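Values in this text are rule-based calculations from the coordinates and carry no lab data. Given the structure is predicted, the values throughout are model-derived calculations rather than measurements. Every residue, glycine as well, gets a Cβ built from its backbone with ideal geometry; the counts of neighbours run over all protein chains shown.
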Amino acid sequence: MSEAVAPALLAAPRAPGLNWRRAVPLLLVAPLLAFMLALYAAPVLAMLSRSLLEPAPTLAHYIELAGDEVFLKVFTNTLSTTVTVTLGTLLLGYPIALGMARARRLLPLILVIVLLPFWTSVLVRSYAWMVLLGRHGLVNEVLLALGLLDRPMRLLNTPLATQIAMVHILLPYMILPIANALRQIDPSLARAAAGLGAGPFGVFRQVTLPLSMPGVMAGVLLVFVLSLGFYITPALVGGPRDMTLSMLIAQRVEQLDWAYAATLSAVLLATALAIIALFQRVFGVGTAFRMSAR
Amino acid sequence: MEGASVTLSGLEKRYENFGAVRGVSIDIRSGEFLTLLGPSGSGKTTTLMMIAGFETPSAGDIAIDGRSVVALPPHRRNIGMVFQNYALFPHLTVAENIGFPLKQRGVPKPERARLVEEALELVRLPGYGARQPRQLSGGQQQRVALARAIVFKPRLLLMDEPLGALDKQLRESLQLEMRRLHADLGITFIYVTHDQEEALTMSDRIAVMNEGRVAQIGAPEELYDRPENRFVASFIGESNFLPATVRGREDGVLVAECAGTLVRATCAGTPATGEAVTLATRPERLRFVDGAWPAPPPANRMPVTVTEAVFVGERCRYLLRAEDGTALVLKEPSSAATRRREAGERAEVAWSVADTILV
Ligand SMILES: Nc1ncnc2c1ncn2[C@@H]1O[C@H](COP(=O)(O)OP(=O)(O)OP(=O)(O)O)[C@@H](O)[C@H]1O
Ligand SMILES: [Mg+2]
């Protein structure tokens, strides 16, 4: 009898035609995919194609760029700003993330302090820094009042101003993944390490820090890629001579030099992708994300 | 190597207004296998955490080899510890995990490798050093955690339900390994479990905990045969509780009236005549009176009615009711030669005076 039943059971799940089970995920992402293709991928490709097709198919724009001193200066400036900002957010963000992971009662307060700027527009925050760092801004006034300066210091429109403002704006992108990774760490691991003879610093260096690396990598990658293309903040608080790639692109677009702007955009995109690929290669970000998810 | 002696005196831990541990005093001898046994929430883990140094006592003292360690941070106490979830470092290999305590103590690398291999052999996992913890089964992870806890030769090893997450068969084989390891190393073990069978088979002594206090401490047989209170009598094994009224003393044994019959019990104290007491006796120590058995006194006898008979394989379990309605349980080894009783049948049960205790 069981032999008679078996073929029927085997045949049952095979519905004719479309395999709905497999189609469901595709259907779910389809709207987003269509949206991205139409409104993001297509314009980007159209823009990038200009770097290769204007006025006729050519690589001349890229070859020109390699010898363009303005570009090289702007490119190195962008990279160095990005590196400084990434390091700054990491050094400031890690201790805060650590505090967030350890705090119990203070957690909501810290979370609000971290997230409040996150919910405020970048433009507003950049203007706020202009107010703070201006010639008669709060920072100068306080330093003058304390007698640490005898005349106002030039803060606004310097590389330092860009770096300070960008670190502040990007800090949540560093803190949140790290705090998340730290929270995922089983607290009995730190106890086990202490019980096995590791002092507080030893526990941090040998257990907490290595286990939080997935979060650190995610934060570094986010901040690095975001600050690479930052525009509003460096444009508002940075100096005119400390141009970044995005500022240069905007300038060329205003001058209607589309081919040049498109070429710069391609370089910016390629740099971001290269950084992501490098992270993937060296640190295995994919596995890192999976590890922290556990 | 000599095991450490541990003295807990008046140990307390309060969380806000809640007392998790409320005055625990135990003298743990050098080389002893002591188990803290108790139901969930009885304060076993909290007690262990205070010994390890992860929790600070609210009151009382912990002395190891006569020296108070309360002020010492955990990493200075030199105590081995096995956590319930093993707490293996996921970013380190098995060998690096086991080598961790040696590294903290500045043991040079070649020496470390040798000791790690030795420890792996001791827990029967030779050649597993290069693996990642997550590549091991639960039982293997448990043994790595054990190896890591003993590799630096601590004189005291704490274990918090180390076998809790494993299946029964694995648990039994690891229990035996744990005993062997205890005998080989000669160090003091403090073991936490809520599994009474585990506690009975492994321990030199058991401290039964209830609501943050030690209900009784003693060797396994002592706890089983002479529980001092109702909690211990019901938590370790099964007990029949008989409400009784004291009628007097006779040849050093207590005579009490229970369900209309006189019952004798061993009893250290001297309850007054007329006092209401509770007597306890184990189900497997009751017998049906049948022909020659039991021999005449010193046995207690009582007429009962069988209310339910359950065949459990190796034994039969009977639910009985005494004249006054007191429910009793009797366990009888099953045998094709003994007649099985039916529900509703009247019978007489007997048990020895030595197996009757006042709780
Ligand atoms: N950090 C804490 N804050 C408040 N109460 C706590 C804390 N830790 C433990 N307790 C309470 O103390 C009591 C004893 O806890 P403990 O963990 O020692 O129990 P246990 O005997 O180990 O139980 P189990 O067998 O479930 O592990 C419990 O009622 C628990 O809720
Ligand atoms: Mg516990």
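Extension gain for B:Ala343-B:Ala327 works out to 4.4 nm (0.36 nm per residue, less the C-alpha to C-alpha distance). With helices as the sole contributors, chain B gives -7000 deg cm²/dmol at 222 nm; each DSSP H run of n ≥ 4 counts as -39500 (n - 2.57), and the sum is divided by every residue. At full extension, A:Val282 and A:Ser80 could sit 70.7 nm farther apart than now, given 0.36 nm per residue minus the alpha carbon distance.
How many angstrom lie between the Cα centre of the range B:228-254 and the Cα centre of the range A:227-275? Each part reduced to its Cα centre gives a spacing of 89 Å.
Dimensions of chain B along the principal axes, based on C-alpha atoms and rounded to the nearest Å, stand at 75, 48, 36, largest first. Each label point was placed 7 Å from the Cα along the Cα-to-Cβ direction; for A:Leu92 and A:His136 their separation is 2.7 nm.
The range A:164-225 and the range A:116-142 have Cα centres spaced 29 Å apart.
Restricting to bridges with both residues inside the range B:6-234, how much of the DSSP beta-bridge set is antiparallel, in percent to the nearest 5?
On the way: 20 of 37 bridges.
Antiparallel bridges: around 55 percent, rounded to the nearest 5.
Kindly identify the range A:62-292 as rounded, prolate or oblate by the Cα gyration tensor criterion: order the square roots of the eigenvalues as a ≥ b ≥ c, call it rounded if a/c is under 1.5, otherwise compare a/b with b/c, prolate if a/b is larger, else oblate. Taking the square roots of the gyration eigenvalues as a ≥ b ≥ c, the range A:62-292 is oblate. One Cα centroid belongs to the range B:78-108, the other to the range B:158-176; the line between them spans 20 Å.
Sequence-ordered 3J(HN,Hα) estimates for the range A:93-99 from the Karplus curve with 6.51, -1.76 and 1.60 and θ = phi - 60° stand at x, 4, x, 5, 4, 4, x Hz, glycine and proline given as x.
Rounded to the nearest Hz, the phi-derived 3J(HN,Hα) couplings of the range A:22-28 under the Karplus curve 6.51 cos²θ - 1.76 cosθ + 1.60 (θ = phi - 60°) are 7, 7, 4, x, 4, 5, 5, where x marks glycine and proline.
Once the Cβ-Cβ distance of B:Thr56 and B:Thr270 is raised to the sixth power relative to R0 = 41 Å, the FRET efficiency obtained is 0.45. Each of the peptides A:24-33, A:238-247, A:274-283 was scored by the mean count of other Cβ atoms within 10 Å over its residues; in descending order, highest first, they stand as A:238-247, A:274-283, A:24-33. Given their separation in residues at 0.36 nm each and the Cα-Cα distance between them, B:Thr307 and B:Ser68 gain 80.3 nm when the chain is fully extended. Take each residue of peptide A:196-205, count the partner chain Cβ atoms within 10 Å of its Cβ, and average: the result is 6. Each peptide among B:179-186, A:217-224, B:336-343, B:13-20 gets the average number of other Cβ atoms lying within 10 Å of its residues, and from highest to lowest they stand as A:217-224, B:179-186, B:13-20, B:336-343.
Across peptide A:183-192, the average count of Cβ atoms from other chains found within 10 Å of a residue's Cβ is 5.
With contacts taken as Cα pairs under 8 Å at a separation of at least 6 residues, the range B:6-234 carries a relative contact order of 28 percent. Using R0 = 60 Å, the C-beta based FRET efficiency linking A:Ala34 and B:Glu172 works out to 0.50.
Take each residue of peptide B:84-92, count the partner chain Cβ atoms within 10 Å of its Cβ, and average: the result is 5.
Can you figure out the FRET efficiency of A:Lys73 with B:Arg131, using R₀ = 51 Å and their beta-carbon distance, to the nearest 0.05? Don't skip to the end; give the middle numbers.
Working: r = 52 Å, r/R0 = 1.02.
So the FRET efficiency works out to roughly 0.45.
Working ranking of peptides B:51-58, B:95-102, B:246-253 by packing, defined as the average number of other Cβ atoms within 10 Å per residue, highest first, is B:95-102, B:51-58, B:246-253. Taking the Cα-to-Cβ direction at A:Arg154 and at B:Arg114 and moving 7 Å from each Cα, how far apart do the two end points lie in nm? Result for the modelled spin labels: 6.8 nm.
Loop-located chymotrypsin sites (Phe, Trp or Tyr not before Pro) across the range B:73-139 with a Cβ neighbour count of 10 or fewer within 10 Å are lacking, with loop assigned by DSSP. Mind running the shape call on the protein assembly as shown? Use the C-alpha gyration tensor, a ≥ b ≥ c as the square roots of the eigenvalues: rounded below 1.5 for a/c, prolate if a/b tops b/c, oblate otherwise. Since a/c reaches 1.5 and a/b is larger than b/c, the shape of the protein assembly as shown is classed as prolate.
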